[in-house]
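Participant: Handing you a structure now.
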Amino acid sequence: MSYISGARLVADEQVRIASTKMDGIGPKKAIQVRYRLGISGNIKIKELNKYQIDQIEQMIGQDHVVHWELKRGERADIERLISISCYRGIRHQDGLPLRGQRTHTNARTCRKLIRK
Amino acid sequence: MLRHILRAALRKPQIHPPWNPKSNSTVPSISAFDHNHFCYFSSKSNLAKAKKTDPKSKKKSTNEATADSSATDVVDAAFFDDGAKRVRHLMEDEKDPSLDVGPNGRPLFTSTPSLSQLTRKDTCTYFKFSEEGLNGALPEGLPKGMAKEFEDSMRRAVLVRQSFLDLRDNFRRIVDTHPLSSGGKDPKVRKQIVLDGPVSCGKSITLAMLVHWARDEGWLVFYVPRGREWTHGGFFYKHPETGLWDTPVQAENILKDFLKYNDPILKKLPCHIFDPVPLGEGAGVGWMKGVDSMAVPEGSTLYDLIQIGIKLTHAAVGVVVRLRKELSLVKDIPVLIAIDQYNNWFTFSEYEEPVTIRSCRPIHARELATVNAFRSMMHNDMMVGAFSHSTAVGKLRKDLPDVPVDARVNLARYDLNEAAAVCHYYLRQRLIRREAFSEENWKKVYYLSNGNGAEIRSLVSLMQ
């Protein structure tokens with residue numbers, strides 16, 4: 001079992017699927033990373049050696065925002081909206097939908113924070 | 001398919017009227033096909049829909065599922081029992097040589113001991129291989145079609161066809177210095193041949209038999225049973241100097257396969273080129289620091305060269321490319337290059353090169369260093385490439401690049417005489433029940449399948 005950028009990668013999974021377990025890496029970015037490192041489609045995580053895993057980690061760290069950096073960025077954006085007291089920031093504070101949805105009914109997902 | 005038919009037969013035994021030659025139907029009914037077969041997929045989808053919509057049907061569906069699973073268990077048990085029985089019967093049949101009878105009372109198996117002694121009289125008979133002999137001659141692996149044929153028929157024997165004899169004689173004439181005694185003009189010999197033809201017409205089996213024959217004759221044969229593996233799998237790195245893509249894992253496998261049979265021959269063949277072998281990126285280890293080539297010691301043999309490629313991953317691709325040049329310079333013994341799934345080398349590989357952040361460019365097979373070294377037929381060496389329909393390459397142009405215009409040979413499917421021999425062989429191997437076998441029935445199977453070998457093998461068991 002190896003960890004790359006905070007994601008636990010299963011050894012028996014193919015690299016292109018295991019890479020998507022990282023926050024911030026989806027199928028397209030996984031393919032890009034794979035082809036830049038010269039890894040074909042059917043290679044599994046257990047067939048990679050330490051050098052290749054370090055290469056993957058280095059490439060992802062250089063070119064993509066992943067894991068805690070991504071979450072920090074998202075949180076920073078929300079806090080900026082709250083700090084300038086705009087409509088969207090107030091909705092974030094109140095735990096209500098902010099993209100024009102109805103609140104008379106539904107909106108249960110956004111209200112999870114209030115219910116807690 | 002066969003399992004489904006047996007399953008249906010176990011549930012409801014059906015009585016079908018015998019085939020009436022005076023009836024108007026043009027297609028003879030193979031009676032194992034009942035309505036349930038044609039409704040198989042629709043009934044399955046209907047079952048799935050019923051499960052979703054009707055909660056009450058859940059109980060029924062579970063009952064059906066248990067009934068299905070028990071029927072499957074019965075079918076599987078029946079299969080296992082049938083298989084074991086068949087093996088037992090075949091072992092008893094070995095003691096009775098009167099069963100080895102082909103069409104028109106001809107012998108089913110040829111008594112010729114080797115492929116090189118086969119003649120025109122042996123066509124439409126079967127040549128038996130020993131397990132050790134076949135595995136010894138083809139250690140790289142058998143083509144899929146051949147393995148399936150051996151598995152289904154439970155005997156390692158192949159049909160001797162005129163197309164194989166023509167191919168063998170073509171290469172024999174190239175090597176044999178004595179002129180033909182027929183008195184007529186020598187037929188045109190071709191050093192480079194591409195075997196093409198319809199699906200399941202015997203291209204791969206013919207190539208494998210040719211390789212077997214050539215190795216029996218003592219030739220040095222570079223045999224690639226799966227050309228697709230050169231363009232799929234492993235790691236791929238671009239070499240900055242050549243501009244081609246290196247595949248070190250594939251190259252190492254190529255060298256290991258080549259060494260499997262040709263080990264003793266390669267130890268006696270000296271290298272002719274002693275230039276340093278260029279190094280590339282190793283598989284998962286990066287570049288070698290400070291070194292970009294490896295010297296080939298004076299007096300090395302081809303075996304030593306190949307060992308360099310196997311032991312050092314950075315040199316694997318360079319050694320494969322060098323090996324191709326060395327094979328052209330071998331004059332001591334005849335050299336034959338035999339590539340199966342050759343059409344895979346004329347299309348795109350599995351690999352892609354990232355061009356922008358969001359897009360990639362597929363890499364063609366000719367851009368791979370290993371394929372680029374072996375693909376061309378524009379040389380004076382003996383080479384045979386067999387196309388394969390099993391790899392979803394699609395239709396290629398008639399005039400392929402780096403292939404002589406007259407190199408294509410179209411193999412035909414079975415004709416009536418060959419189909420007769422095949423059906424008698426399957427009867428001998430108990431794929432057909434003796435009481436169901438008749439000339440009428442095997443001809444029906446032949447015309448239904450249009451001479452397709454794999455289809456004949458699947459249809460003969462349905463004869464009734």
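The values are calculated or read from the model by the stated rules, or taken from the named source; none is laboratory data. Values in this document were obtained by computation on a predicted structure and should not be read as measured data. Every residue, glycine among them, receives a Cβ derived from its backbone with ideal geometry; neighbour counts consider all protein chains shown. Calculation scope for accessible area: heavy atoms of the full protein, side chains included, ligands and nucleic acids excluded. Shrake-Rupley method; radii C 1.70, N 1.55, O 1.52, S 1.80 Å.
Participant: Please report, largest first and rounded to whole Å, the three semi-axes of the ellipsoid equivalent to region A:2-67, where each semi-axis is the square root of five times an eigenvalue of the C-alpha gyration tensor.
Facilitator: Equivalent-ellipsoid dimensions as semi-axes: 15, 12, 12 Å.
Participant: Apply the Karplus curve 6.51 cos²θ - 1.76 cosθ + 1.60, θ = phi - 60°, to the phi angles in region A:39-48 and return the couplings in whole Hz, x for Gly and Pro.
Facilitator: 9, 7, x, 9, 6, 9, 4, 5, 7, 7
Participant: Here's a follow-up. If DNA, RNA and ligands are ignored and the probe is 1.4 Å, what is the ranking of B:Trp345, A:Trp68 by accessible area, most exposed first?
Facilitator: Sorted descending by solvent-accessible area, the residues read A:Trp68, B:Trp345.
Participant: Please give, to one decimal in nm, the separation of the simple spin-label points placed at A:Ile82 and B:Ile174, each 7 Å out from Cα toward the Cβ.
Facilitator: In this crude spin-label approximation the distance works out to 7.8 nm.
Participant: Volume per residue, Å³, of the convex hull around the alpha-carbon atoms of region B:335-401?
Facilitator: For region B:335-401, the hull spanned by Cα atoms encloses 107 Å³ per residue.
Participant: Under a point spin-label approximation (7 Å from Cα along Cα-to-Cβ), what is the A:Val10-B:Ser111 distance to one decimal in nm?
Facilitator: Placing both labels 7 Å along Cα→Cβ, they lie 6.2 nm apart.
Participant: Between B:Ala157 and residues 5 or more places away or on another chain, which pairs have amide H atoms under 5 Å apart, with H built 1.01 Å from N, and which residues are they?
Facilitator: B:Phe129
Participant: Then there is this: How crowded by other chains is A:32-42, given as the mean number of beta carbons from other chains within 10 Å of each beta carbon?
Facilitator: Whole-number average of other-chain Cβ neighbours for A:32-42 is 6.
Participant: Output the Kirkwood hydrodynamic radius of region B:294-386, Cα pairs only, in Å rounded to one decimal.
Facilitator: Taking every pair of different Cα atoms in region B:294-386, averaging 1/r and inverting gives 15.3 Å.
Participant: To continue, here is another question. At R0 = 35 Å, how high is the FRET efficiency between B:Arg361 and B:Thr301 if r is their beta carbon distance? Nearest 0.05 is fine.
Facilitator: So the FRET efficiency works out to roughly 0.30.
Participant: Can I ask one more? Show me, for region B:140-146, the HN-Hα J-couplings you get by feeding each phi into the Karplus relation (A = 6.51, B = -1.76, C = 1.60, θ = phi - 60°), rounded to Hz, glycine and proline as x.
Facilitator: 6, x, 8, x, 4, x, 5
Participant: So, one more: At 4 °C and a viscosity of 1.567 mPa s, what translational diffusion coefficient does Stokes-Einstein give for region A:68-114, taking Rh as the Kirkwood radius over Cα pairs? Give it in µm²/s as a whole number.
Facilitator: It comes out at roughly 114 µm²/s.
Participant: Now for a separate question. For B:Ile193, list long-range residues whose amide hydrogen, built 1.01 Å from N in the peptide plane, is under 5 Å from its own amide hydrogen.
Facilitator: HN-HN under 5 Å from B:Ile193: B:Met383, B:Val384, B:Gly385.
Participant: Another one. Relative to the present Cα-Cα distance, how much length would full extension add between B:Val189 and B:Val291 at 0.36 nm per residue of separation?
Facilitator: My answer for the length gained is 32.1 nm.
Participant: A follow-up question, please. Region B:204-269: which trypsin sites (Lys or Arg not before Pro) are DSSP loop and have at most 16 other beta-carbon atoms within 10 angstrom?
Facilitator: Here the sparse-neighbourhood loop sites are B:Lys267, B:Lys268.
Participant: Mind jotting down a quarter of the surface of the convex hull over the alpha carbons of region B:180-298, in square nanometres, one decimal?
Facilitator: Convex hull of Cα atoms, orientation-averaged projection: 12.2 nm².
Participant: Right, something else. Comparing A:Gly26, A:Gly95, A:Gly73, which has the greatest mean-square fluctuation in the GNM of chain A with Cα pairs linked when under 10 Å apart?
Facilitator: In this elastic network of chain A, the residue with the biggest mean-square fluctuation among A:Gly26, A:Gly95, A:Gly73 is A:Gly95.
Participant: Using a 1.4 Å probe and counting only protein heavy atoms, arrange A:Ser40, B:Ser293 so the residue with the most accessible area comes first.
Facilitator: B:Ser293, A:Ser40
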